[in-house]
Amino acid sequence: MKWQSKQQLTDLLCQLVRFNSITGQKDELNIVTYIQSLLAKEDYFSQNPNHLNVHNLEDGRGVLTGLVKNGDAQDTIILLSHIDVVDVEDYGAFKDYAFDPTYLTRLFKEQSQILPEEAQRDLENGDWIFGRGTMDMKAGTALHLSMVEKAIHGEWDGNILLLVVPDEEVNSLGMLKATEVLKDIQEDEDLQYKLCLNSEPMFRQYPEDENMYLYTGSLGKVLPGFLCYGKETHVGEPFHGLNANLMTSYLNKNLELNDELIEKVGREVTPPPVSLMSRDLKEHYSVQTPVTAVSMYNILFMKQTVTDITKKLNKVMEKTKYEVETHLKSQYEKFKEKAGQIEQGPSLNISILSYEELYNEAVNKFGQEEVERRRANLLNERQTGDRDFSTILVQDLAYMCSHLAPMIVLFYSPPFYPAVTSEQNTTVKRLVKSIEEKMKGEGANPITLSYFNGISDLSFVGETTSSEADFDQLAMNLPMQQFQGNYIPKQKWAIPTLNVGPLGKDAHQWSERLELTYSFGKLPTIIDHTIRETFK
């Protein structure tokens, strides 16, 4: 076998990392083709070519499945990984070497003083390799290929289904496609999915954290957007209108790091909301104040539902409405004292709306046909990504309903990740106990958490707390869902989930690195043990 030793796995990892598979770039497809070609050389897949397939997305990217079937066995473990990575602009002068781990690591050794202090210590005292995707998560893909190789040689009693997906770092369209592919394979091959095993890397809970982690599920995520529609005016007459930037300023103050949206379940705590976008929507400079602006926020959750989160966001919008209106009146009074103005000050009432309410208002005012005609025109002229296009759709409806201005409109953008956990699943509870003992035997200090805190594609196969009503409410307020219909999973699963992953540090940073002694020396035996115990 060629993918079993630490050195063999390191070599395989370097082969995978050499593909510049940044989400949306051509190597995201090429690496899938490469993995398919590696597996196609195995006698098993030569004899069973129908068990090795690439399932295409609409944009040409592919989901790879490789089924190693053990006779008439039904019990099947899914090995899930993604092959896309984030951009490398943060590498600066080292950008051209980000996908060459061996050379990049050598460069860093020669210039170690440029690295953060912790990375310097790791480089000097440990067995680490640097590069984009080494940690997140091509090491996991390499480990899974190693397990497929063992399955081909009859190591276990059940079936192994390799699942390699694109687009995890952006919209998870690969995994959303995979939820349907899994159903087809299950029916065609008469399978019972016993476990979906992910190998995302362990994420530290705090700086200098030396613990090792298992995860029985994955955090949920929503991306709420807020379109602030003010009232235009000339800069010389600021109190005759309402600047949309003022509205987003108060909104951002009230929502950024808001502790009301932090969730604690047991000892696990979600990070507070943070802004991922905040800008006005003026296309060109002028002395007219911005009419529209948008903010989008990352919100992570565990047991909360989308309905719960929406209620809290409505409270934030109501508070913002009050503060903006109060600020405008207060500032006008101060201006009047200095300027001697006597006319009546501004009197604005900000409307608070959901996207669904705004859409219904537009339909009532102009008719369904006109609303859909305008949306179709926007789609035909589309030149932006999902988040920007979501904003354009909401902004166009707001223009149609300008009689409601000023207004703040809540909507949701892709991606959406349901929160899932198998913490109460009997099989997973048994596995966790056994894996923890195995890890201790390998010198690790294991801690089991209910939710992987880095967001993962386990969200689309595990058991979720979200109800159908929750999914429906989200769909009605997610403009992109009405166009493409593939941002909320159609196929709902409740497969037991587990994440057993390698040790790395600084994912999505230029100092991203993988520790090799544990990841490729000890972890393969732990994953082997996990598979063996699952089939008992």
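One residue alone among TYR412, TYR359 is surrounded by 14 or more Cβ atoms within 10 Å (Cβ to Cβ), assigned to a helix (DSSP H, G or I) and of a type in the set (Phe, Trp, Tyr), and that residue is TYR359.
Taking every residue in segment 367-386 that is under 16 Å from CYS401 (Cβ atoms) and pairing it with any residue that is surrounded by 11 or more Cβ atoms within 10 Å (Cβ to Cβ) and among the hydroxyl-bearing types (Ser, Thr, Tyr), at least 6 positions away or on another chain, yields no pair with a Cβ-Cβ distance below 7 Å. Could you please let me know if GLN331 is polar (S, T, N, Q), in a loop (DSSP other than H, G, I, E, B) and either touching a helix residue (DSSP H, G or I) at 6+ places or on another chain (Cβ under 9 Å) or at pLDDT below 90 (or both)? The answer is no for GLN331. Please tell me if ASN211 is assigned by TED's automatic domain parsing to the domain that holds GLN509, under 18 Å from LEU57 (Cβ atoms) and at pLDDT below 95. No; evaluated as a whole, the condition is false for this residue. Here GLN424, GLN383 are screened, and the one residue that is in a loop (DSSP other than H, G, I, E, B), in the same structural domain as MET247 (by TED's automatic domain parsing) and surrounded by fewer than 19 Cβ atoms within 10 Å (Cβ to Cβ) is GLN383.
If you check ALA40, ALA98, ALA93, ALA73 for being in the same structural domain as GLY140 (by TED's automatic domain parsing), in contact with a helix residue (DSSP H, G or I) (Cβ under 6 Å, 6 or more places away or on another chain) and at negative phi, only one passes: ALA98. Out of the residues in segment 151-194 meeting the condition of being crowded, with 19+ Cβ neighbours inside 10 Å and among the basic types (Lys, Arg), tell me which one is modelled with the lowest pLDDT. This residue is LYS177. Test VAL164 against the stated conditions and say whether it is touching a residue at least 12 places away in the same chain (Cβ under 8 Å), of a type outside the set (D, E, K, R), out of contact with any Ser or Thr (no Cβ under 6 Å at 6 or more places or on another chain) and not in a loop (DSSP other than H, G, I, E, B). Spelling it out, it is not the case that VAL164 is touching a residue at least 12 places away in the same chain (Cβ under 8 Å), of a type outside the set (D, E, K, R), out of contact with any Ser or Thr (no Cβ under 6 Å at 6 or more places or on another chain) and not in a loop (DSSP other than H, G, I, E, B). Of all residues in segment 1-37, those satisfying the criterion of being closer than 19 Å to ASP136 by Cα, surrounded by fewer than 19 Cβ atoms within 10 Å (Cβ to Cβ) and in contact with a helix residue (DSSP H, G or I) (Cβ under 6 Å, 6 or more places away or on another chain) are LYS6, ASN20. Here the helices (runs of 4 or more DSSP H) wholly within segment 433-536 that include at least 1 residues being free of Cβ contacts under 8 Å to residues at least 12 places away in the same chain are 468-476, 479-484.
Tallying residues that are touching a residue at least 24 places away in the same chain (Cβ under 8 Å), more than 13 Å from LYS231 (Cα to Cα) and not hydroxyl-bearing (Ser, Thr, Tyr) within segment 281-296 yields 4. As a summary of the residue check, LEU52 satisfies the conditions (1) closer than 17 Å to ASP184 by Cβ; (2) loosely packed, with under 13 Cβ neighbours inside 10 Å except for the one numbered (2).
The values are calculated or read from the model by the stated rules, or taken from the named source; none is laboratory data. Everything quoted here is computed from the prediction, not taken from an experiment. No Cβ is skipped: glycine too gets one built from the backbone with ideal geometry, and neighbour counts run over all protein chains shown.
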